Structures are given as structure tokens and as C-alpha cells.
1. Outside any helix (DSSP H, G or I), surrounded by 13 or more Cβ atoms within 10 Å (Cβ to Cβ) and at pLDDT below 95: is that true of residue 1 in this structure?
2. Residues that are farther than 23 Å from residue 245 by Cβ and away from the ligand (no atom under 12 Å from the Cβ): find the strands (runs of 3 or more DSSP E) completely inside the stretch 94-183 holding 3 or more of those.
3. Do you know which residues across the stretch 294-316 are touching a helix residue (DSSP H, G or I) at 6+ places or on another chain (Cβ under 6 Å), under 15 Å from residue 172 (Cα atoms) and in a helix (DSSP H, G or I)?
4. Return the residues of the stretch 201-234 that are surrounded by fewer than 21 Cβ atoms within 10 Å (Cβ to Cβ) and modelled with pLDDT under 95; say none if nothing qualifies.
5. Select from the stretch 128-153 the residues that are modelled with pLDDT of 95 or more and in contact with a helix residue (DSSP H, G or I) (Cβ under 7 Å, 6 or more places away or on another chain) and list them in ascending order.
6. When both residues are 6+ apart or on different chains and their Cβ atoms are under 6 Å apart, which pairs have a first residue that lies in the stretch 223-237 and is closer than 16 Å to residue 128 by Cβ and touching a residue at least 12 places away in the same chain (Cβ under 8 Å), and a second that is more than 10 Å from the ligand (Cβ to nearest atom) and part of a loop (DSSP other than H, G, I, E, B)?
7. Given the conditions (1) within 12 Å of the ligand (Cβ to nearest atom); (2) at pLDDT below 95; (3) more than 30 Å from residue 214 (Cβ to Cβ), report the number of the one that residue 7 does not fulfil.
Ligand code: NAD
């Protein structure tokens, strides 16, 4: 076995239907008195509910969180923090809202309580990202890791099935890619495998019964495990490819959903132990069979051309991906391999 050093900082997790009512206790536990509640404009009513629950610890609401964490929004939110003299952030929403909290924490150092309402998993990682113009910057910093996460599946019932599937497949991509990412080890592989099991059970249940809680709870558990595995193992080939495609303007979740089977088809033959583990987690003869059966069941996005990707951009994408391919990627990755992978993903052909 390869030598490894596993180290993981994990936030405290409070889980349960109705757990949102714990939010005041969580703020008190970290010794904060004044929380600024963050949300998107569409989830402002939820932020107001949090303010009610926080009682005297509510310092105000900033409800302008936006996709990709624009730097202007971060500055406006930082002004709000200073204006209301907040010493803690409560982020209620998806990865974009958690991302805003992380960007504020990066500069102002405020602790975060995260209340996720999607399956993005950002709440369990120390990875931050923000966008200035067309340029996305990401990094890792201990101070952006939330101090506590409140998982209340009742809050995810309003997430439309399409968005649930997309963010759930994003979490699944964290798990699969963690199997061969730069710091992959037996500990994060165990978390990733359990994450695959939970998501493969939870996501079809959400499609069948969007208002049901059991599927949504499974998906939240899977999202958490996926994020812990991802933060520990680092970005593998799949995330490197999606990051470059995201920079070319492709939508985050759909890109992950489309690209994953192509990376799995490329790496699985060169990583039989990881592939076997993924296959067992899916309960399927092969890893790719398991993933494709789940994707069919969920009617997942199939081709990059359906999501605004022009194949004339493939050479530019290949050039940007090649230098960031992880050195330990199981399969050899050349410009020709990437070119074929992206053409296949653009067209939505069967992965080979
Ligand atoms: P999102 O946060 O952008 O939310 C999408 C939309 O859904 C928003 O309008 C939001 O208001 C709405 N929404 C959220 N929850 C809802 C609910 N329960 N009911 C109804 N509407 C709801 O989407 P996301 O997929 O959660 O996050 C994607 C972002 O997260 C990306 O920018 C990605 O880069 C980032 N991300 C970061 C990490 C990390 O570790 N840093 C991990 C995963 C994703």
C-alpha cells in the first residue's frame, strides 16, 4: 500500500428533520453574539425565518448571494458585516450562499454556521472560490471551513427535482474522483464509497417522491461524505476538466453530470481496485454500469452541446487542462486523449 497521511478537519454536524431550530444553539456554542444571515434573493424568506429563530443573536440579513461568488457581492456583504457589527455568519442556501460566507470568512475571519439547502457539499470543505469579471479564483484555507453544519432535510424539499439531481450528481462526482485524486487514501476512499451508496439510494427516491424525506436525508448524508472525501483527497482529473470548462462559461452542475462517465471510462481500466470499489458501492457489475444506470434513472444531462459548449473551444480547453492533470492520474492523459474525451462528452456518445 502507498504511504499516506490522512488529516481532516470536519465541522460539527447537527442532522435531523427540523434541525433548523438548533441554529441559535449552534451560534451560542461557538460563543458568537451577533449573526449576519446570508441567502440568495430567492431564499430571503428562509433567512427571515432564521432571524426569528436566532432571536437576540440576529444582527441582520444580507440576501444578495449570487452564483460564482462575484467579488462585488463579497464587498457589499463585508460592508454589511461591519455595518451591523456581526461576529458570526449563518449561511442558509446552496453552494453559492455558502461560498459567499467563505469569501467573507477569508478576509474578515468570521466563523460560519452553514445550513445547506442543496447537495453541493461546500459546507463540509475548506475550499473557497470567487469570481472577478471572467476570472475565477479558488483556494484552500482552514478559516473558511464552517464551524457547524445544520442539516435539515425538510429545507431541501423545495429544491426542484432537476436541481436536486444536478447537485446530487455533483456530489457523486466528488466521491468518484476522490478514488484517484492526488491525496486518495483508504480513509477518504471509505467515505467516498459510502457517499456513492447514499447518493445512489437517495437521488432516485427524490425523483420518485420529491416531497418525501427519506431520499432527501440520504442525499444530504451522501453530500456530506462526498465533500469530506473530496476535501481530503483533493481535485482529481474530473474536477480539473470541469474547472476549465466552467471557466469557459459552462454551468457547474450539468458539466459535472456530463463529464463524469467519460473520466470514469478512461480511468477505471487503469485503476481496478478503485473501479471495483465504485462498482460495489453501486451494487453493479462494473463501475461504469453502475454510474450509467443511475444516470438513466435520473434522466441526467448527457451532452455538453446541450449546455452551451461549442466544440470549436475544445482545442483551447485541451491546452488549459493538460498542464493541470494530476501526476498520479491512473490513466495516461495526452492531448489526444483529452480531445477525444471532450468530443465524446460534447456529442454525448457512449463513453469508451
Ligand atoms: P446554488 O447555491 O447556486 O443554488 C442554485 C439556486 O437554487 C439558487 O437560486 C438558490 O437560491 C436555489 N435554491 C437553493 N436551495 C433551494 C431549495 N431548497 N429550494 C429552492 N431553491 C433553492 O447551487 P448549488 O448547486 O448548491 O451550488 C453550486 C455552487 O457551489 C457552484 O458555484 C460551485 O462551484 C460551488 N461549490 C463549491 C464547493 C466547495 O467545496 N467550495 C463544493 C461544491 C460546490
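1. No: the conditions fail for residue 1.
2. Those strands (runs of 3 or more DSSP E) span 148-151.
3. 294, 297, 298
4. 234
5. Once the filter is applied, which keeps residues that are modelled with pLDDT of 95 or more and in contact with a helix residue (DSSP H, G or I) (Cβ under 7 Å, 6 or more places away or on another chain), the stretch 128-153 yields 128, 141, 143, 144, 146, 148, 149, 150, 151, 152, 153.
6. 234/181; 234/182; 234/183
7. (1)
Each row is one residue, and each column tells you yes or no for (1) away from the ligand (no atom under 16 Å from the Cβ); (2) surrounded by 22 or more Cβ atoms within 10 Å (Cβ to Cβ); (3) closer than 19 Å to residue 168 by Cα.
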| site | (1), (2), (3) |
| --- | --- |
| 243 | no, no, yes |
| 259 | no, yes, yes |
| 268 | yes, yes, no |
| 292 | yes, no, yes |
| 322 | yes, no, no |
| 346 | yes, no, no |
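The values are calculated or read from the model by the stated rules, or taken from the named source; none is laboratory data. Because the structure is a prediction, the values reported are computed rather than measured. Quick reminder, even Gly has a Cβ in these numbers, built from the backbone with ideal geometry, and neighbours come from all protein chains shown.
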